[in-house]
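Since the structure comes first, as structure tokens, the remarks are kept for the end.
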Amino acid sequence: MRSLALALAVSLVTAGAALAQEAAPQGSVENGKKLFVTDGCYQCHGYAGQGAPGYAPRIAPKVLPYQAFVKQLRQPRADMPPYELAIVSDQAIADIYAFLKTQKEDDPKSVPSFY
């Protein structure tokens with residue numbers, strides 16, 4: 001009985017860890033780059049997700065795990081407005097996430113050109 005309880009506990013922990021590490025759906029980097037501007041993300045987070053000290057956090061290149069990223073967009077902490085499904089689709093979020101994952105650490109050449 002004790003080994004059954006232990007096995008159940010281990011499987012629940014393993015399943016929870018797998019959900020926490022759930023991979024992002026396939027996203028389009030090019031569309032994400034476009035949406036990052038048209039949806040206004042760049043206004044606070046900068047064109048490469050570098051953030052603005054004291055105003056908006058850096059969100060790239062070390063992007064939150066996908067599910068945490070979605071939760072922050074849908075139910076944000078602090079002053080960020082909520083981006084509900086009617087405003088930003090799940091696919092658009094996957095695209096923006098894909099774009100942010102391509103950004104490089106502190107490389108001025110990695111700041112995308114939108115002009």
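Bear in mind that the values in this text are calculations on the coordinates, not laboratory data. Just so it is clear, the structure is predicted and the values come from calculations on it, not from any experiment.
Values as computed for the structure displayed
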read-out: Cα-based radius of gyration of the range 26-107 once divided by 2.2 N^0.38 Å, which approximates compact folds; value: 0.98
read-out: Length gained when the stretch E105-I87 is fully extended (0.36 nm per residue, less Cα-Cα span); value: 3.5 nm
